[in-house]
Amino acid sequence: MPSGFELEGRLSGVLEPQTGHSAKGDWVRQDFLVEVQDGNFPTTVCFSLWGADRVKELEKCAIGTQVKVSFNLSSREYNGRWYTDIRAWRIAAVNEGAPAGGPATAPPPPAVEDLPSADFGDDLPF
């Protein structure tokens, strides 16, 4: 099994942190959303961060920032249904080492107005 995956995209949302207490002590979990370009259409992926130190990494990234997320995938079965967890273990702004003044985000995806028209007119060969 691969030891980890990486994905780059735009940080599009941060959900409220969840906290609790278990036999191992206090815990914190925070979910966040990353939008990636998948062909002509954007796709949103929801990641989970576990641990206060990793949640602090997320606080360094503003909504709209291009980020690189390192993560692991795992699935588990419960009562005949399968659940998949996308657990991030690192998140960082893509432009951390870039010189100041450079663009921080990728170009926006094409708008609906940029897509070709469905009206083909009389250019059909028959």
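The values are calculated or read from the model by the stated rules, or taken from the named source; none is laboratory data. Owing to the predicted nature of the structure, the values given are computational and were not obtained by experimental measurement. Neighbour counts run over all protein chains shown; Cβ positions are idealised from the backbone, glycine included.
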Filter the stretch 1-38 for residues that are modelled with pLDDT under 95, among the polar types (S, T, N, Q) and farther than 16 Å from residue 53 by Cα and give the result. 3, 22, 37
Selection over the stretch 13-28 where residues are over 18 Å from residue 62 (Cα atoms) and in a strand (DSSP E or B) yields a count of 9
What tally of residues in the stretch 29-51 results from selecting those that are in contact (Cβ under 8 Å) with a residue 12 or more places away in the chain and either within 16 Å of residue 71 (Cβ to Cβ) or more than 19 Å from the chain's Cα centre (by Cα) (or both)? 16
Scanning the stretch 71-96 for residues that are exposed (fewer than 15 other Cβ atoms within 10 Å of the Cβ) and either in contact (Cβ under 8 Å) with a residue 60 or more places away in the chain or on the phi > 0 side of the Ramachandran plot (or both) gives 72, 73, 79, 80
Any idea which of 55, 28 is in contact with a helix residue (DSSP H, G or I) (Cβ under 6 Å, 6 or more places away or on another chain) and of a type outside the set (Phe, Trp, Tyr)? 28
Residue under evaluation residue 36, criteria (1) loosely packed, with under 14 Cβ neighbours inside 10 Å; (2) over 18 Å from residue 89 (Cα atoms), criterion not met: (1)
Condition check for residue 57: charged (D, E, K, R) and surrounded by 14 or more Cβ atoms within 10 Å (Cβ to Cβ): yes
Residue within the stretch 79-88 that is closer than 20 Å to residue 44 by Cβ, modelled with pLDDT of 90 or more and over 16 Å from the mean Cα position of the chain (by Cα) present: yes
